[in-house]
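*Asks:* Provided herewith is a single structure, encoded as structure tokens, for subsequent inquiry.
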Amino acid sequence: MTALSVNLNKIALIRNSRDTRSPDIPQHARICIEAGADGITVHPRPDQRHIRVRDCHDLAAMLTVEFNMEGNPFAGPRRSDRSGVDDYPGFMPLVRELRPTQATLVPDGDNQLTSDHGFDLKRDGERVADIVAELRSLDVRSSLFMDPDPEQIRLAADTGADRIELYTERYAKAVANHTDAAGVLEEYRSAAALAVKLGLGVNAGHDLNLHNLPAFATIPGLLEVSIGHAFTVDALQLGLRETVKAYQRALGKSA
């Protein structure tokens, strides 16, 4: 069955709007786990706009489920200009220290509101392959954030990555706008099938929600979805525990 990894970035964003520890990130992770979440995802960006370095340390120390850290592997260190906020050491130094279950490599930059494209491995393939090799030496599973582009997926396999994470915004928009969602879903289905054929595991994420997830979850070989924004919005209405259960049902599991 497809694993549900809950992304806590937006919970951290609420906390960061005040000089407080509330909502407490480890506490909310614990609630999600007790409700049935299979994993926890965070995406610590250099500007620490939501998840911060200290959150990653806190989660690594307490998690009893898979820990997925997302980030740009080429993001270097940065000094924090906020009192009480640790300097950002760079994504890979943080991974080396904390050894999460999975490192999802994402080609995002500071000026992006959110992740909005997969890797161009024609350009970055060699550098990514070096990072993948290091992750393997650290016993950290690697996943590459990818568009459903067959040529790029073949290049992802060439890097030696363990998995890809399909960037699903185009599918989500097609469902929301009623513009050939079935056809777009078929593109993702074909991309996933190719990845599996090439020996890659398949994850997915970005704008998946309770409405569009059930159809996407029928893609064969889908190992994991990470969901944060829509999850947090639904939790405002349903509560955290019931939202975990609702997403597990959307994945076809009893909850």
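Conditions tested, residue by residue: (1) closer than 20 Å to residue 68 by Cβ; (2) in contact with a strand residue (DSSP E or B) (Cβ under 8 Å, 6 or more places away or on another chain); (3) among the polar types (S, T, N, Q).
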{"position": "135", "(1), (2), (3)": "yes, yes, no"}
{"position": "142", "(1), (2), (3)": "yes, yes, yes"}
{"position": "166", "(1), (2), (3)": "yes, yes, no"}
{"position": "171", "(1), (2), (3)": "no, no, no"}
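*Asks:* If you go through region 104-112 one residue at a time, do you hit one that is surrounded by fewer than 16 Cβ atoms within 10 Å (Cβ to Cβ) and more than 22 Å from residue 49 (Cβ to Cβ)?
*Replies:* At the first step, the residues of region 104-112 found to be surrounded by fewer than 16 Cβ atoms within 10 Å (Cβ to Cβ) are 109-112.
This time we only want the ones that are more than 22 Å from residue 49 (Cβ to Cβ), so: none.
Checked against the condition, which is being surrounded by fewer than 16 Cβ atoms within 10 Å (Cβ to Cβ) and more than 22 Å from residue 49 (Cβ to Cβ), region 104-112 yields no hits at all.
*Asks:* Given the condition of a type in the set (Gly, Ala, Ser), on the phi < 0 side of the Ramachandran plot and surrounded by fewer than 20 Cβ atoms within 10 Å (Cβ to Cβ), answer yes or no: does some residue in region 38-49 qualify? If you could, list the steps in order and put the result at the bottom.
*Replies:* So the first thing to find is which residues in region 38-49 are of a type in the set (Gly, Ala, Ser), and the list is 39.
Then drop every residue that is not on the phi < 0 side of the Ramachandran plot, which leaves 39.
Retained after the next criterion (residues that are surrounded by fewer than 20 Cβ atoms within 10 Å (Cβ to Cβ)): none.
The answer is no; no qualifying residue exists.
*Asks:* Are any residues in region 195-230 assigned to a helix (DSSP H, G or I) and crowded, with 19+ Cβ neighbours inside 10 Å, and if so, which ones? First the steps, then the outcome.
*Replies:* Our first condition is that a residue be assigned to a helix (DSSP H, G or I); within region 195-230, this holds for 195-197, 213-216, 229-230.
Answer for region 195-230, where residues must be assigned to a helix (DSSP H, G or I) and crowded, with 19+ Cβ neighbours inside 10 Å: 195, 213, 216, 230.
*Asks:* Could I ask something else about it? Consider only pairs whose beta carbons are under 7 Å apart and that are at least six residues apart or on different chains; among these, list those whose first residue lies in region 232-255 and is farther than 16 Å from residue 28 by Cβ and aliphatic (A, V, I, L, M) and whose second residue is modelled with pLDDT of 95 or more and in a helix (DSSP H, G or I).
*Replies:* Matching pairs, first to second residue: 246/234; 246/238; 250/213; 250/214; 251/213; 255/245; 255/248; 255/249.
So that you can scan it fast, the table gives a plain yes or no per residue for (1) more than 20 Å from the chain's Cα centre (by Cα); (2) at pLDDT 95 or above; (3) within 20 Å of residue 40 (Cα to Cα):
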residue: 109; (1), (2), (3): no, no, no
residue: 113; (1), (2), (3): no, no, no
residue: 116; (1), (2), (3): no, no, no
residue: 152; (1), (2), (3): no, yes, no
residue: 161; (1), (2), (3): no, yes, no
residue: 167; (1), (2), (3): no, yes, yes
residue: 180; (1), (2), (3): yes, no, no
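*Asks:* Now a separate question. Looking at this structure, is residue 163 within 26 Å of residue 96 (Cβ to Cβ), surrounded by fewer than 18 Cβ atoms within 10 Å (Cβ to Cβ) and among the charged types (D, E, K, R)?
*Replies:* Details: within 26 Å of residue 96 (Cβ to Cβ): yes; surrounded by fewer than 18 Cβ atoms within 10 Å (Cβ to Cβ): no; among the charged types (D, E, K, R): yes.
Against the criterion (within 26 Å of residue 96 (Cβ to Cβ), surrounded by fewer than 18 Cβ atoms within 10 Å (Cβ to Cβ) and among the charged types (D, E, K, R)), residue 163 does not qualify.
*Asks:* I've got another one for you. Report the residue count in region 231-249 for those that are closer than 24 Å to residue 144 by Cβ and not in a helix (DSSP H, G or I).
*Replies:* Summing the residues that are closer than 24 Å to residue 144 by Cβ and not in a helix (DSSP H, G or I) in region 231-249 gives 0.
The values are calculated or read from the model by the stated rules, or taken from the named source; none is laboratory data. Note that this is a predicted model, so its numbers are computed, not measured. Using ideal geometry, Cβ is built from the backbone for each residue, glycine included, and neighbour counts are taken over all protein chains shown.
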